[in-house]
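*Asks:* For reference, the structure I am asking about is given below.
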Amino acid sequence: MADFFIGGEWVGAAGGGTREIRCPADGSLVATVDEGTGEDTERAIAAARAAFDDGAWSSTPSWQRGDLLLRVADLLDRDRDAFARAESLDTGKRLVESEYDMADIAACFRYYGKLAGQDAGRVVDTGDADAVSRIVHEPVGVCGLITPWNYPLLQTAWKVAPALAAGNTFVLKPSELTPHTAILLMRILTEAGLPAGVGNLVLGAGAAAGAPLAEHPDVDLVSFTGGLATGRVIAASAAATVKKVALELGGKNPNVVFADADFETAVDYALTAIFLHSGQVCSAGSRLIVQEEIHDAFVDEVVRRAELIRLGGPFDPEAETGPLISAAHREKVERYVATALAEGAVLRTGGRRPDDEKLADGFYYLPTVLDGVAQGSTAVREESFGPVLTVETFTDEDDAVRIANDTHYGLAGAVFTSDASRAQRVAGRLRHGTVWINDFHPYLPQAEWGGFKQSGFGRELGPTGLAEYQEVKHIYQNLRPAPQRWFSGDS
Ligand code: TXE
């Protein structure tokens, strides 16, 4: 086996470690891959450092770097089926969802491919005809990119595409649970012409293979998407060498439904908001916050529809959503629900594994609705990252905003109403990085994505997503240098 890509070569784990990757839908063996340790990551960092310091990639004209990304997008389209299949086997998500992801991934590479060539910096008015002043953008250097398992290649694309557009080199460490599309991506980057050492890949557990990316002095920036607890560890480790840090740490995202919203539409979106990909979405609408006069009818309808959702594996054409990523993650969701019930939540549906024998080997969990959750309870504070919807009730607009903002997270939120002014007012008051009005989940490569509060800092996507990977330099040139005579000296 040789699953790591270091310095332009496919190599195996130095220590000979391996890991079995199993499909969460049925536990079947997908493949056995190399399992790295810090030693492998340090080799990859050295390769990325050498490639960056050599300067060839960072001094490649930005439009040429952009062209490479556009070629990558075309190759992703060409190999879409193989990528989507690999993603579905690793994650257990429906094939059709992986196919949607592939379209979004290619779009991300295209966006940064086009943006790369447009960045000529800025000329500053010095007010002096004999002085020229420019602001230029330069790459940060070696980037450590650590990604999770829920949207493995999509979250990788959000980091790799802008990192390369800006002229950086990188070491990618995907989730140990879902490595396959990262391996395929490295092949495509090479086919598109990425020079050796610019892109490097290591696989392995976070604490072993991932930690050096936050700790090592030769890494200039670490960009991480994952859980809050790990994010805190990474930020603390990165502080020792004052690395640039970008963190996307999930959310506890409110979905605020006013009584004047279109009932059927709001119910429909409330379901997609939380049950898409079984809730394993950082922006999942896990908190339904509904106006009191429609609470009973609304929750009844959400429960009725939730009970109709069909669970199944990636290639089951009847399935509407899939399993959780692992046994450990399902146990975490089960603990979350048990705590919520102990704290007084009312179980309206779900709250257990499905009875269906066909699903017994996968990590399935029924769509779950918990009503009557108390403000400040664990259920409204902590991410379950599973198919669990909590319901809170509000009286008026101020109450809705207060409840929606009552969280230490701040990634995304939505408001459903037919009153356009109210929609804008509430959107303006929500302390979340993305707000949807009468919609849930859409994101665009050209629009920034990221969190307020403990959902993290830094932004991915959009022009800011490129700026994260750039240093800003001011170059000032005196066109008529002559002695200044500030000090009198001996003249
Ligand atoms: O994530 P981790 P886990 C949330 C969700 C979930 C919880 C834990 O609530 O239940 O996080 O999930 C690497 N140094 N999200 O444990 O640990 C790890 O190998 C360097 C939200 O799976 O954050 C993987 O590549 N790297 C989220 C990546 O970090 C380390 C998506 C994410 O794993 C490391 C996933 C370390 N010390 C989970 N420890 C989102 N924001 O979308 C781990 N890693």
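*Asks:* At 7 Å along the Cα-to-beta-carbon direction for both Asp300 and Asp125, put a label point, then send me their distance in nm to one decimal.
*Replies:* 6.6
*Asks:* Got a sec? Charge dipole of the chain, +1 on Cβ for Lys and Arg, -1 for Asp and Glu; which of Ala482, Val388, Ile21 is way out at the positive end?
*Replies:* Ala482
*Asks:* Accessible area, 1.4 Å probe, largest first: how do Lys358, Lys244 sort?
*Replies:* On the way: Lys358 170, Lys244 80 Å².
Ranking Lys358, Lys244 by accessible area, largest first, yields Lys358, Lys244.
*Asks:* Would you check the accessible area of Phe275, probe 1.4 Å, heavy atoms only, in square angstrom rounded to 10?
*Replies:* Around 10 Å² of this residue is reachable by solvent.
*Asks:* Sticking with this structure for a sec: Glu334 accessible area, nearest 10 Å², 1.4 Å probe?
*Replies:* Accessible area, nearest 10 Å²: 50 Å².
*Asks:* Heavy atoms of the protein only, probe of 1.4 Å, neighbouring chains included. What is the accessible area of Arg43 in Å², nearest 10?
*Replies:* For Arg43, solvent-accessible area is about 100 Å².
*Asks:* Where does each of Asp79, Asp262 land when they are ordered by accessible area, with a 1.4 Å probe and the largest first? Before the final figure, lay out each step's value.
*Replies:* Details: Asp79 45, Asp262 95 Å².
In descending accessible area the options line up as Asp262, Asp79.
*Asks:* Please list, in order along the range 280-286, the HN-Hα scalar couplings obtained from phi with the Karplus expression 6.51 cos²θ - 1.76 cosθ + 1.60 (θ = phi - 60°), rounded to whole Hz, x for Gly and Pro.
*Replies:* Residue by residue, the range 280-286 yields 8, 9, 4, 9, 4, x, 7 Hz.
*Asks:* Quick one: helix 228-239 against the long Cα principal axis of the chain, what's the angle to the nearest 10°, folded into 0 to 90?
*Replies:* That works out to roughly 20 degrees.
*Asks:* While we're on this one: Could you give me the percent of Cα pairs per 10 Å distance bin for the chain, shortest bin first, beginning at zero and ending with the bin that holds the maximum distance?
*Replies:* 4, 19, 27, 24, 15, 7, 2, 1, 0, 0
*Asks:* Let me ask you something else. If I model a spin label as a point 7 Å beyond the Cα along the Cα-Cβ vector, how far apart are those points for Thr18 and Ala56 in nm?
*Replies:* Roughly 3.5 nm, to one decimal.
*Asks:* Name the residues whose placed amide hydrogens come within less than 5 Å of the amide hydrogen of Glu35, ignoring near sequence neighbours (fewer than 5 apart) on the same chain.
*Replies:* Hits under the 5 Å cutoff: Ala13, Gly17, Thr18, Arg19.
*Asks:* In addition: Cβ under 14 Å from Ser223's Cβ, Ser223 left aside: what net charge do those residues give with Lys, Arg +1 and Asp, Glu -1? List each step's numbers first, then the result.
*Replies:* Working: positive: Lys159, Lys173, Lys243, Lys244, Arg459; negative: Asp220, Glu248, Glu460, Glu468.
Charge balance in the 14 Å sphere: +1.
*Asks:* Using the basic label-point model (7 angstrom from Cα toward the beta carbon), what is the Trp10 to Trp486 distance in nanometres?
*Replies:* About 5.9 nm separates the two model spin labels.
*Asks:* Calculate, for the chain, the solvent-accessible area per residue in square angstrom, rolling a 1.4 angstrom probe over the heavy atoms of the protein chains. Provide the component values of the computation, followed by the final result.
*Replies:* Details: 19970 Å² over 491 residues.
Averaged over the residues of the chain, the accessible area is 41 Å².
*Asks:* Please give the calculated 222 nm ellipticity per residue for the chain, where each DSSP H segment of at least 4 residues contributes -39500 (n - 2.57) and the sum is spread over every residue; nearest 500 deg cm²/dmol?
*Replies:* Working: 15 runs with 180 residues, N = 491.
One gets -11500 deg cm²/dmol as the mean residue ellipticity at 222 nm.
*Asks:* Step through the table entries Lys114/Lys473; Lys243/Lys332; Lys93/Lys244; Lys93/Lys114; Lys244/Lys332, compare each Cα-Cα distance with 29 Å, and write down the pairs that go over it.
*Replies:* Lys243/Lys332; Lys93/Lys244; Lys93/Lys114; Lys244/Lys332
*Asks:* In addition: Given Cβ point charges of +1 (Lys, Arg) and -1 (Asp, Glu) and nothing else, what value in debye, to the nearest 20, does the dipole of the chain about its Cα centre take?
*Replies:* On the way: 44 positive and 69 negative charges, 234 e Å.
Magnitude of the dipole: close to 1120 debye.
*Asks:* In the range 419-471, if the dipole is taken from +1 on Lys/Arg beta carbons and -1 on Asp/Glu beta carbons about the Cα centre, which of Leu444, Ala427, Leu466 is farthest to the positive end?
*Replies:* Ala427
*Asks:* Counting only other residues whose beta carbon sits under 15 Å from that of Gly372, what net charge do I get with K and R as +1, D and E as -1?
*Replies:* In short, -4.
*Asks:* Turning to a different aspect of this structure: Mean separation of Cα pairs under 8 Å and 6+ residues apart, divided by the residue count of the chain: what relative contact order is that in percent? Present the calculation step by step, with values, prior to reporting the outcome.
*Replies:* On the way: 1132 pairs, mean separation 86.1, N = 491.
Dividing the mean separation by the residue count of the chain yields 18 percent.
*Asks:* In addition: On a 0 to 90° scale, report how tilted helix 180-191 is relative to the longest principal axis of the chain, with both axes built from alpha carbons and the result rounded to the nearest 10.
*Replies:* Value to nearest ten degrees: 30.
*Asks:* Positive end of the charge dipole of the chain (Lys, Arg +1 and Asp, Glu -1 on Cβ, about the Cα centre): tell me which of Pro195, Ala50, Ala238 has its Cα farthest that way.
*Replies:* Ala50
*Asks:* Also, quick follow-up: Taking the Cα centre of the range 389-491 as origin, sum charge times position over the Cβ atoms of Lys and Arg (+1) and Asp and Glu (-1), and report the length of that vector in debye to the nearest 20. Mind showing how you got there, number by number?
*Replies:* On the way: 10 positive and 13 negative charges, 119 e Å.
The dipole magnitude comes to about 580 debye.
*Asks:* Dipole magnitude of the range 1-79 about its Cα centre, charges +1 at Lys/Arg Cβ and -1 at Asp/Glu Cβ only, in debye to the nearest 20? Walk me through the intermediate numbers first.
*Replies:* Details: 7 positive and 15 negative charges, 33 e Å.
Roughly 160 debye for the range 1-79.
*Asks:* With a 1.4 Å probe and all protein chains in place, put Val388, Val30 in order of accessible area, largest first. Don't jump to the answer; show the numbers that get you there.
*Replies:* On the way: Val388 0, Val30 45 Å².
The residues order as Val30, Val388, largest area first.
The values are calculated or read from the model by the stated rules, or taken from the named source; none is laboratory data. Only a predicted model underlies this, so the values are computations on that prediction, with no experimental measurement involved. With ideal geometry, Cβ positions are generated from the backbone for all residues, glycine too; neighbour counts draw on all protein chains shown. All accessible areas refer to the heavy atoms of the entire protein, side chains included, with ligands and DNA or RNA removed. Shrake-Rupley method; radii C 1.70, N 1.55, O 1.52, S 1.80 Å.
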